[in-house]
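First the structure, in the form of structure tokens, and then the observations on it.
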Amino acid sequence: METKLPLHVSQRQQPQTTIYRFNTLVHSIALIALLCYRFSSLLHGQFNEFMAIFSWIVISFSELLHSFLWVLGQAVRWRPITRHVFAERLPRDSELPAIDVFICTADPTKEPTVGVMNTVISAMCLDYPPDKLFVYLSDDGGAPITLYGMKEAYSFAKSWIPFCNKYGITTRAPEAYFSELIHEDEKNSLNSILIKERKEIELRYQVFRQRLERAKDSGDASFSSGQNRPPIVEVIQDDAMEEIGENQAMMPLLVYVSREKRPSHPHHFKAGALNVLLRVSGIISNSPYILTLDCDMYCNDSTSARQAMCFHIDPNTSPSLAFVQFPQKFHNISKNDIYNELLRTAFEVLWYGFDGLKGPILSGTGFYMKREALYRSPQQKDLSHVTSTTNVGNSEEFIASLRRDYKTNAFDNDDNTLASLLHEARLLASCTYEQHTQWGEQANFLITEPEISFLLYTSNC
């Protein structure tokens, strides 16, 4: 009988676990002694005045409340675990599942287009088969400069992706790579050939950046259509579909989505934008897994997709797994960081403790979500309970995409088929599609805070 090697292993953090438990024991003894003292003073003390009794009640209640909160907080420190993955044990690229990448932006004046496009490019450069990677950008501002930036980013990525693959570049957001943010080890590994090509690709990036800056300064391209506009869905691709040359790389599919907005219809902010992307991607690529990114959070580790698949395709963990959360990292933070702007407490302490319980909290960005987890719980065998029009709307194409045997026809190289699919996608992005349905309530990306969504998702696992 063939024994397959595990794709990941987990182990308790040591000596952290021992230290945390010893700390809990010492503080528990002190709390018990304090509470015993409080209640013994009630039995043996003499409270002749009202203020004395009132003070005792207030102090004792405060200590009981804080002790209770402290006990609850020890749960995340009781069993912190660390996970290790073995991406080299994954199946061949042809057998890996597809991934949809969702990126959301809303206002080019607050979220500069150059930064948004860096996030898009870093997602396109993930170390993953490009024919199984689909990048969607939701533009809630409806600004022409964002669509223009997508086209320019696609053009620049045709030279940037081969450069990253050729030299194994780890920092795949060009703005970060060409700045002082890149790691010293990566700087020291530069050879003469790489230096020459690096200068060439940096020049192309500067041209790309200048074009976006000129478009921004012109005024027309940066205009936002606000709360009154029709839906726009556009696939970014070459005008002429040519065979891939020897020095070219396959490109992930890039899709621009600007949902319809009308003043008389609620749009539900980011959750509404993600649900539109969920529907549109369902009839275009319908990948079984979804990576969600904020527009200012570029992919810091290009191997994250393969790391996430080590959990998602593991038959032992996949049935009860909803998402794999990656921590956020921040640059340009003071070395002292007295205000904990790096969020070390969350990502280096609490998250490992949560992982020892039932998993980390959904952070709202940087997570690989199983598409089916947005529709059903593991106890439900199929999606038949959500295929009614009262649940997901009246799009037959989208309802068909919920079946496991659904195959999209978006890549048949047929212009008529693609035009028909984009027309259906615009209907799914309309502001009236969710009326009289359960979108954002019983399933999908819930119209609430990410932390509450986490509790609802994990309660079904």
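Among the residues of segment 106-113, not a single one is under 27 Å from Ile283 (Cα atoms) and at pLDDT 95 or above. When segment 146-163 is filtered for residues that are touching a residue at least 60 places away in the same chain (Cβ under 8 Å) and surrounded by fewer than 23 Cβ atoms within 10 Å (Cβ to Cβ), the ones remaining, listed by number, are Leu147, Tyr148, Met150, Lys151, Glu152, Tyr154, Lys158, Ile161, Pro162. Close Cβ contacts (under 8 Å, 6 or more residues apart or on different chains) running from residues in segment 168-180 that are among the basic types (Lys, Arg) to residues that are assigned to a loop (DSSP other than H, G, I, E, B) comprise Arg172/Cys125; Arg172/Leu126; Arg172/Tyr298; Arg172/Cys299; Arg172/Ser302.
Pairs linking a residue in segment 333-355 that is under 16 Å from Trp78 (Cα atoms) and in the same structural domain as Arg77 (by TED's automatic domain parsing) to a residue that is at pLDDT 80 or above and surrounded by fewer than 13 Cβ atoms within 10 Å (Cβ to Cβ), with Cβ atoms under 7 Å and 6 or more positions apart or on different chains, do not occur. Applying the set (1) in contact with a Phe, Trp or Tyr (Cβ under 9 Å, 6 or more places away or on another chain); (2) assigned to a loop (DSSP other than H, G, I, E, B) to Asp127 leaves exactly one unmet item: (1). Within the option set Ile193, Ile232, Ile236, Ile201, being modelled with pLDDT under 80 and over 19 Å from Thr109 (Cβ atoms) holds for one residue only, Ile193. Do we find a residue being in a loop (DSSP other than H, G, I, E, B), modelled with pLDDT of 90 or more and farther than 22 Å from Lys110 by Cα anywhere in segment 247-255? The answer is yes, given that some residue of segment 247-255 is in a loop (DSSP other than H, G, I, E, B), modelled with pLDDT of 90 or more and farther than 22 Å from Lys110 by Cα. Out of Leu31, Leu5, Leu42, one residue alone is at pLDDT below 90, part of a helix (DSSP H, G or I) and aliphatic (A, V, I, L, M). It is Leu42. Against the numbered list (1) modelled with pLDDT of 90 or more; (2) more than 23 Å from Leu402 (Cβ to Cβ), Tyr289 comes up short only at (2). Considering Phe68, Phe54, which residue is more than 30 Å from Gly359 (Cα to Cα) and out of contact with any helix residue (DSSP H, G or I) (no Cβ under 8 Å at 6 or more places or on another chain)? Only one candidate passes the filter, namely Phe54. Could you grab me the full set of residues in segment 257-302 that are of a type in the set (Gly, Ala, Ser), within 21 Å of Leu126 (Cα to Cα) and not in a helix (DSSP H, G or I)? If the condition is that a residue be of a type in the set (Gly, Ala, Ser), within 21 Å of Leu126 (Cα to Cα) and not in a helix (DSSP H, G or I), then Ser285, Ser287, Ser302 are the ones that fit.
For every residue, the table says whether it meets (1) farther than 30 Å from Ala305 by Cβ; (2) among the small types (Gly, Ala, Ser); (3) surrounded by 13 or more Cβ atoms within 10 Å (Cβ to Cβ); (4) touching a helix residue (DSSP H, G or I) at 6+ places or on another chain (Cβ under 9 Å).
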| position | (1), (2), (3), (4) |
| --- | --- |
| Lys4 | no, no, no, yes |
| Leu7 | no, no, yes, yes |
| Gln16 | no, no, yes, yes |
| Arg21 | yes, no, yes, yes |
| Thr24 | yes, no, yes, yes |
| Ser28 | yes, yes, yes, yes |
| Ala33 | yes, yes, no, no |
| Arg38 | yes, no, yes, yes |
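The values are calculated or read from the model by the stated rules, or taken from the named source; none is laboratory data. Bear in mind the structure is a predicted one, so any value in this text is a computation, not a measurement. Note that we place each Cβ from the backbone using ideal geometry, even for glycine, and neighbour counts take in every protein chain shown.
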